[in-house]
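Presented below is the structure to which this report refers.
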Amino acid sequence: MSTTLRDGLRKRVERLRTLPSSPAVLKPLLELLRLPSDRIDLKRVVELVSYDKTIAAQCLRIANSALYSRAQETESVRAAIVSLGIQRVEDILLTCCLQKFSSGSKWAGDPGVFWRHSLGCAAVAQELAERIGYENPDKAYLAGLLHDLGILVNSLAYPDEYGGVLATASEKGVPLQEQEQQDLGFTHCESGHILAGLWKLPPAVNQVIEMHHNPAKMSEQSPLVTLVHLADILCRLRGLGHGYDEWRSVDLAADPAWGRLAATCPRLEKMDLARFTMDLDAFVPRVQALVESVFSPKVEHSEVALNH
Amino acid sequence: MPVDEARTSSLDAKAAAKDDSQDPVYLKIRDFVYQACGIYHSEEKMYLLVSACRRRMEMLGPSVSTGRDYFQSLSTPAKKDQETRELLNEITIGETCLFRSQPQLNALHNVILPELVTERGKISLKKLRVWSAGCSTGEEPYTLAMFLMEEKEKLLKDWVFEVQATDLNDRSVEIARAGVYGDYALRNTPDLYKRKYFTPVDGGRLKVRDEVKARITFSRLNLNDDTRMLFMKGMDLIFCCNVLIYFDVTSKKRVVQHFYANLLPNGCFFLGQAESLFQVNDQFRLVHLPGTTVYRKSAPNAAAGAEGKP
């Protein structure tokens with residue numbers, strides 16, 4: 001990418017940054033959640049979450065969605081937080097923040113498709129992490145959720161051009177990043193990397209955002225990047241992609257990322273990939289239902305009973 | 001079973017089976033079936049397994065009334081083999097129809113055939129050989145022949161192709177040769193194909209046209225017959241859907257080894273959508289395509305590279 005192009009992109013991303021107002025409770029909540037887990041005051045978390053009705057509603061919806069289905073319907077915010085776990089609450093907060101960021105703005109493409117892929121990749125990355133014994137499946141979820149932040153950036157910062165990029169990629173059935181490179185001169189990896197820097201996201205997550213299409217180009221190995229790279233490909237070939245089919249064949253086990261990840265997580269080599277792939281089909285309707293319930297345009301605030 | 005009856009009963013069964021699919025004993029049965037036969041029921045497909053079990057339980061009578069009882073029958077050494085076979089029949093019943101797996105055809109149309117055309121263009125060998133192994137009553141080979149005839153109008157323009165269709169069962173092969181199908185077998189067939197490649201016969205059924213039949217060689221073949229298997233060389237694509245599930249692990253490994261040997265480099269092996277070669281063969285590469293997977297034989301240079309390692 002040329003210097004002029006980089007400066008232009010940076011300016012557009014910076015302009016974007018001033019657009020959204022994040023929920024008022026987000027900052028204190030995130031600070032609270034960053035504490036070591038034994039020092040987190042659950043009562044305080046419940047208070048803060050309940051304070052923002054949108055966030056409270058989404059916690060309940062997500063706790064009750066099939067993706068995290070529990071035997072019993074959760075009605076109180078407290079029960080939702082307990083059943084989801086603190087880490088998941090943090091993910092939901094970020095999701096809410098992103099959603100606020102994108103709602104009301106002009107989008108190129110379909111925001112629902114973006115959310116389906118992001119939440120799908122999060123769930124698949126976590127599932128893969130669990131199966132192969134990766135040390136921190138929750139981190140995999142978060143990285144999967146945010147890996148395509150740059151698509152959101154491109155959709156909002158380049159609303160006119162980006163619609164054309166999406167349409168051409170879909171028509172040709174080629175990976176999105178290839179079409180971005182050709183039409184814009186940069187990919188969502190670069191634009192996402194810039195926003196992640198401005199937002200001061202954790203460095204490991206920012207690395208996933210920047211490198212998930214090129215794990216082989218990293219000087220130092222990162223199992224998290226390779227894991228999200230593989231989960232992303234699986235999603236795109238199994239109905240949770242960017243809203244179209246990419247017409248190519250992928251030999252995952254021959255991908256250099258596969259070997260790198262297997263060096264850290266040896267269980268990967270013995271994993272039944274065919275069975276794992278079939279299991280992923282169950283994620284499609286669950287993620288779809290979650291997207292529909294959480295991100296449907298009419299979030300009725302009054303529907304939440306705040307009986308914590 | 002008449003079509004309407006099949007539809008209503010399948011709707012009822014689906015609802016009832018969905019309730020039961022959480023029962024851990026059915027997960028045990030699922031894992032047993034996958035271990036023994038290589039056919040896997042993901043969460044979305046569990047209701048199919050549960051309703052197959054329920055139909056078997058009904059046939060076995062009141063002594064087998066719960067999922068647990070039925071798992072017993074599947075585990076008792078004396079009944080095991082017979083009951084597994086009966087269950088597999090129930091699992092695959094009514095599955096056969098023309099154009100059963102659209103994702104496989106899409107993958108062929110959009111990726112596999114274009115790749116093959118590019119690769120073969122270099123050596124100007126424009127011949128495609130396809131084998132439908134375990135073709136049953138002919139739905140699969142006819143689908144492939146019609147699909148390839150369509151491709152011949154564009155991508156495969158000056159190509160020749162042939163479809164070998166084999167099955168162990170003489171009666172199935174006879175029905176396949178006749179090529180007459182009713183609504184149920186044709187439920188996935190696009191209208192374009194119905195108009196172009198079929199003629200109506202009495203009883204509202206459709207008969208495959210002769211020019212399609214001319215593309216297919218039907219014959220009886222036992223996949224366990226090592227000598228016959230050696231003569232099926234030079235294949236580009238082999239389809240073997242819901243057949244290997246009936247084989248024990250040893251013969252399954254041998255048969256798949258034959259398929260591998262009979263494929264040309266880069267050739268593709270297609271299984272049923274719920275089947276896997278896990279722990280059966282590790283020479284084939286599992287390749288992902290949109291909505292489907294294919295087992296692929298490595299190209300010679302890639303294979304040499306892999307073998308060349310110390």
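The values are calculated or read from the model by the stated rules, or taken from the named source; none is laboratory data. In this text the structure is predicted, and so the values were computed from the model without any measurement. A quick note on method: Cβ atoms are made from the backbone with ideal geometry, for glycine too, and the neighbour counts reach across all protein chains shown.
Here is a yes/no grid of residues against (1) of a type in the set (D, E, K, R); (2) out of contact with any Asp or Glu (no Cβ under 8 Å at 6 or more places or on another chain):
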position: B:CYS135; (1), (2): no, no
position: B:PRO141; (1), (2): no, yes
position: B:MET146; (1), (2): no, yes
position: B:GLU151; (1), (2): yes, yes
Going through segment B:122-151 in order, the residues found to be more than 30 Å from B:ASN222 (Cβ to Cβ) and at pLDDT 95 or above are B:GLU150, B:GLU151
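Taking strands (runs of 3 or more DSSP E) that fall entirely within segment B:154-269, which contain at least 2 residues that are more than 13 Å from B:ALA133 (Cα to Cα)?
On the way: elements: B:160-167, B:198-200, B:206-208, B:216-220, B:235-240.
Ranges flagged: B:160-167, B:198-200, B:206-208.
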All conditions in (1) within 20 Å of B:VAL294 (Cβ to Cβ); (2) surrounded by 20 or more Cβ atoms within 10 Å (Cβ to Cβ) are true of A:ALA231 except (1)
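What number of residues within segment B:121-148 are assigned to a loop (DSSP other than H, G, I, E, B) and either of a type outside the set (S, T, N, Q) or within 17 Å of A:SER249 (Cα to Cα) (or both)?
Narrowing segment B:121-148 to residues assigned to a loop (DSSP other than H, G, I, E, B): B:122-126, B:134-138.
From what's left, either of a type outside the set (S, T, N, Q) or within 17 Å of A:SER249 (Cα to Cα) (or both): B:122-123, B:125-126, B:134-135, B:138.
Qualifying residue count for the region: 7.
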The condition from (1) closer than 30 Å to B:ILE123 by Cβ; (2) at pLDDT below 95; (3) within 14 Å of chain A (Cβ to nearest Cβ) that B:GLN273 misses is numbered (1)
Checked pairs for segment B:109-121, first modelled with pLDDT of 90 or more, second part of a helix (DSSP H, G or I), C-beta under 9 Å and 6 or more apart or across chains, list as B:HIS109/B:PHE147; B:HIS109/B:GLU150; B:HIS109/B:GLU151; B:LEU113/B:LEU148; B:LEU113/B:GLU151
Pairing a residue in segment B:245-262 that is farther than 15 Å from B:ASP282 by Cβ with any residue that is acidic (Asp, Glu) and not in a helix (DSSP H, G or I), where Cβ atoms lie under 9 Å and the two sit 6 or more apart in sequence or on different chains, gives B:ILE245/B:GLU275
For segment B:48-70, pairs from a residue that is in contact (Cβ under 8 Å) with a residue 40 or more places away in the chain to a residue that is surrounded by fewer than 16 Cβ atoms within 10 Å (Cβ to Cβ) and among the acidic types (Asp, Glu), with Cβ under 8 Å and 6 or more apart or across chains, are B:GLY67/B:ASP23
Margin query: One residue is enough: does segment B:27-40 have a residue meeting the conditions farther than 16 Å from B:LEU88 by Cα, modelled with pLDDT under 90, surrounded by fewer than 20 Cβ atoms within 10 Å (Cβ to Cβ) and out of contact with any Lys or Arg (no Cβ under 7 Å at 6 or more places or on another chain)?
Written below: no
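Being at the interface with chain A (Cβ under 7 Å from one of its Cβ atoms) and under 16 Å from the mean Cα position of the chain (by Cα) is the filter here; which residues of segment B:284-293 pass it? Outline the logic, then answer.
Initially, segment B:284-293 is screened for residues at the interface with chain A (Cβ under 7 Å from one of its Cβ atoms), giving B:285-291, B:293.
Hits for segment B:284-293 are B:GLY291, B:THR293.
Looking at B:ALA165, is it buried (at least 20 other Cβ atoms within 10 Å of the Cβ) and within 14 Å of another protein chain (Cβ to nearest Cβ)?
Details: buried (at least 20 other Cβ atoms within 10 Å of the Cβ): yes; within 14 Å of another protein chain (Cβ to nearest Cβ): no.
Here the answer is no, as B:ALA165 does not meet what is asked.
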Within segment A:28-61, the count of residues that are modelled with pLDDT of 75 or more and β-branched (Val, Ile, Thr) comes to 4
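Rundown of residues vs (1) closer than 20 Å to A:TRP115 by Cα; (2) touching a residue at least 12 places away in the same chain (Cβ under 8 Å); (3) part of a loop (DSSP other than H, G, I, E, B), yes/no style:
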site	(1), (2), (3)
A:ASN154	yes, yes, no
A:VAL165	yes, yes, no
A:ILE209	yes, yes, no
A:GLN221	no, yes, yes
A:LEU230	yes, yes, no
A:GLY241	yes, yes, yes
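Does segment B:36-74 hold any residues that are of a type in the set (S, T, N, Q) and away from chain A (no Cβ under 14 Å), and which are they?
Kept after step one, since they are of a type in the set (S, T, N, Q), are these residues of segment B:36-74: B:42, B:51, B:63, B:65-66, B:72-73.
B:SER51, B:SER63, B:SER65, B:THR66, B:GLN72, B:SER73 - these are the residues of segment B:36-74 that are of a type in the set (S, T, N, Q) and away from chain A (no Cβ under 14 Å).
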Report task. Kindly check whether there is at least one residue in segment B:109-123 that is touching a strand residue (DSSP E or B) at 6+ places or on another chain (Cβ under 8 Å), more than 14 Å from chain A (Cβ to nearest Cβ) and of a type outside the set (A, V, I, L, M, F, W, C). Result -> no
Within segment A:224-254, of all residues that are out of contact with any Cys (no Cβ under 9 Å at 6 or more places or on another chain) and either of a type in the set (Val, Ile, Thr) or more than 28 Å from A:ALA167 (Cα to Cα) (or both), the one farthest from the other protein chains (Cβ to nearest Cβ) is A:LEU224
Expected single match for hydrophobic (A, V, I, L, M, F, W, C), buried (at least 24 other Cβ atoms within 10 Å of the Cβ) and either at pLDDT 85 or above or within 17 Å of the chain's Cα centre (by Cα) (or both) among A:ALA80, A:ALA167, A:ALA143 is A:ALA143
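Of all residues being in contact with a Lys or Arg (Cβ under 7 Å, 6 or more places away or on another chain) and not in a loop (DSSP other than H, G, I, E, B) in segment B:97-120, which is surrounded by the most Cβ atoms within 10 Å (Cβ to Cβ)? Just the residue, please.
B:VAL111
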Check: Is segment A:109-122 home to any residue that is more than 15 Å from the chain's Cα centre (by Cα) and touching a residue at least 60 places away in the same chain (Cβ under 8 Å)?
Finding: yes
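If you check A:ALA257 against the conditions, is it out of contact with any Cys (no Cβ under 7 Å at 6 or more places or on another chain), surrounded by fewer than 21 Cβ atoms within 10 Å (Cβ to Cβ) and assigned to a helix (DSSP H, G or I)?
Details: out of contact with any Cys (no Cβ under 7 Å at 6 or more places or on another chain): yes; surrounded by fewer than 21 Cβ atoms within 10 Å (Cβ to Cβ): no; assigned to a helix (DSSP H, G or I): yes.
When the stated conditions are applied, A:ALA257 does not pass them.
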